[in-house]
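Q: Before I ask anything, here is the structure I am working with.
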Amino acid sequence: MGDALRTRQETVRRPSETPPTHSRTQGASPGREDRALTVDSLNQLLLFSALVLLIAVVAVRLSSRSGLPSLLVYLGIGVAIGQDGIGFGFSDAELTQVLGYAALVVILAEGGLGTKWRDIRPAVPAAAVLSTFGVAVSVTVTALAAHYLVGLDWQASLLMGAVVSSTDAAAVFSVLRRVPLPRRLTGVLEAESGFNDAPVVLLVVTFSSLGSEHHTWYFLLGEIALELAIGLLAGLVVGKLGELGMRHVALPSSGLYPIAVLALCVLAYAGGAMAHGSGFLAVYVAALILGNGKLPHRPAVRGFADGVAWIAQIGLFVLLGLLVTPHDLWKDFWPAVLIGLALTLVARPLSVFLCLEGFKLPWQDKALLSWAGLRGAVPIVLATIPMVADVEGSQRIFNIVFVLVVVFTVLQGPTLPWLARKLRLDESDEAADLDIESAPLERLRGHFLSVSIPPSSRMHGVEVTELRLPSGAAVTLVVRDGTSFVPLPSTVLRHGDELLVVTTDQVRDAAERRLLSVSRGGKLAGWLGTGGSTALRG
């Protein structure tokens, strides 16, 4: 997809955008003033970056109390630093697009690593329909609104529809962490936000080249389908081979496992893009496979990916805030509101109800899915594509998208928990899975399983002997309230306990299945039919 994007953009880029070449007098040695980066400027950059990160971290705490998504805080920091604030000038749309793509790769990788396959597996068909036919419905309705209500020409209207039709993975994942929804709904939202970036990016690139490339509609559909298929294949291959390799290679340090997993995710994106496929679909699929595989040190992998994703989100949103010129936004405020209302109240509900008609979901589920189509960084990043391609009116598209994202994020994010309660969909009594971390003991042919019992686990009140672990597995240590002790068979486990379970290679999977089963069903899980899966994480 990366090569296809570059090829299409080069056909519409102005010749004047070619970077100028600079010459230096032959024989002259470069002086300190000619260097792009000196130690002093590096120190200033590090100081500035550290301050922005610290302010952003503190702001997340404040935004979580108010219920506002953190992306608004980051955008606000960028705007405050920009030309209408402190005065830092920045207008490089192409650099923003490139860095935005890199940030989205990390965000999608973290989303895939943190998504539980058992939650989204039943939702994959519905999410696939929403990510394709649902996107088509949203693009059509939003483009009509942009043309007839705001007066944009057809190319700008189609671009507007495509840019804002993708739900944002970062926004959806952050909100779902705070809203206790049924798994059938979180599965649809997570899978849809992970899948729909790929077709939307392809649509935006295609619409940006309408004036320079002439293809029939069925040729474009075929090209999009081919790129999605290549991306899916790349993700499957890298994910499966990566999982196989990580399970059978014992690295000398636990800190290398997160690096290797994230590198595999980036490899999936780059490989898919260079093969003229959808790199975004490839990275999400690969991360989904790796995150649900039986990898060593899985909580450490997820923690590392989560931290890197936070840095990517902060940097991306601050950069997008820098790119915008606030005093130019006011004239596009009401057009953004009109298009946002058409998208939120007409296009999104219509796509949800039409696409999910055959899935027999209750109307309450569809209503919540309609309101939960959150927009975030993705539409703003996509709005830079027509700017780089020099599409007429692209600056106005960017301004409208920026205002739309801010206004409707403020409206939808805080009200989503309220709507879930009104629809009686705030299921918070579901048993949570355990945090189980595996550390392989290659020479001893065994495993340490580090198990944390979360507050909603039904393992609370179960005696150690009632775990009924398979022969070859035993609970050897319990850490409770900062104190560790060797448990007796009659020791009663509690919420917050951390267990150290030693298993042999032969029963490692069976021991993990049994622990997960007891966590969900309690001591009678075996007789009640509550099963477990080794392809799960806490």
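Every number here is computed from the coordinates shown, using simple stated rules; none is lab data. Since this is a predicted model, take the numbers as computed values, not measurements. Note: ideal-geometry Cβ built from the backbone for every residue, glycine included; neighbour counts use all protein chains shown.
Q: Shape verdict for segment 435-528, please, from the Cα gyration tensor: rounded (a/c under 1.5), prolate (a/b greater than b/c) or oblate.
A: oblate
Q: So for each of 272-281, 494-503, 477-486 I average, over its residues, the number of other beta carbons within 10 Å; can you give me the resulting order with the highest mean first?
A: Most protected by this proxy first, the peptides run 272-281, 494-503, 477-486.
Q: Could I ask something else about it? Grab the Cα-Cα distance for Ser456 and Phe133, subtract it from 0.36 nm times how many residues apart they are, and report the gain in nm with one decimal.
A: Result for the pair: 112.5 nm of gain on full extension.
Q: Could you give the length gained on full extension between Ala229 and Asp306, defined as 0.36 nm per residue of separation minus the Cα-Cα distance, in nm?
A: Result: 24.9 nm gained on full extension.
Q: All other residues with a Cβ under 11 Å from the Cβ of Gly496 taken together, and with Lys, Arg as +1 and Asp, Glu as -1, what is their net charge?
A: Surrounding charge for Gly496 is -1.
Q: Of the listed pairs Lys294/Lys523; Lys294/Lys360; Lys116/Lys294; Lys331/Lys366, which have alpha-carbon separations greater than 23 Å here?
A: The pairs that break the limit, which is 23 Å between Cα atoms, are Lys294/Lys523; Lys294/Lys360; Lys331/Lys366.
Q: If one computes the Cα centroid of segment 470-484 and of segment 354-398, what distance in Å separates the two points?
A: 48
Q: Can you grab the distance from the C-alpha centre of segment 401-417 to the C-alpha centre of segment 131-169, Å, no decimals?
A: After rounding, the separation between the Cα centres reads 18 Å.
Q: Placing +1 on the Cβ of each Lys and Arg and -1 on the Cβ of each Asp and Glu in segment 70-148, which of Val98, Gly78, Leu144 has its Cα farthest towards the positive end of the resulting dipole?
A: Of the options given, the answer is Leu144.
Q: Roughly how many Å is it from the Cα centre of segment 218-251 to that of segment 492-519, as a whole number?
A: Between the Cα centre of segment 218-251 and that of segment 492-519, the gap is 33 Å.
Q: Please give the FRET efficiency for Arg183 paired with Phe448, using the beta carbon to beta carbon distance and R0 = 30 Å, rounded to the nearest 0.05.
A: Once rounded, the FRET efficiency stands at 0.55.
Q: May I pose another question? Could you give each residue of segment 336-353 its phi-based ³J(HN,Hα) in whole Hz, using Karplus coefficients 6.51, -1.76, 1.60 with θ = phi - 60°, and x for Gly or Pro?
A: After applying 6.51 cos²θ - 1.76 cosθ + 1.60, I find 5, 5, 4, 5, x, 5, 4, 5, 6, 9, 10, 5, 5, x, 5, 5, 5, 5 Hz.
Q: Between Ser41 and Glu498, what length in nm is gained on full extension when 0.36 nm per residue of separation is reduced by their alpha carbon distance?
A: Working it through step by step, the gained length comes to 159.9 nm.
Q: Sorted by packing (mean other beta-carbon atoms within 10 Å per residue), highest first, where do 395-408, 458-471, 316-329 land?
A: Taking the mean over residues of other Cβ atoms within 10 Å, the ranking is 395-408, 316-329, 458-471.
Q: Right, another one. Mind ranking 378-390, 89-101 by how tightly packed they are, going by the mean number of other C-beta atoms within 10 angstrom, highest first?
A: Going by the mean number of other Cβ atoms within 10 Å, highest first, we get 378-390, 89-101.
Q: By what distance, in whole Å, do the Cα atoms of segment 266-350 stretch along each of the three principal axes, largest value first?
A: Here the Cα extents, ordered largest to smallest, are 53, 32, 28 Å.
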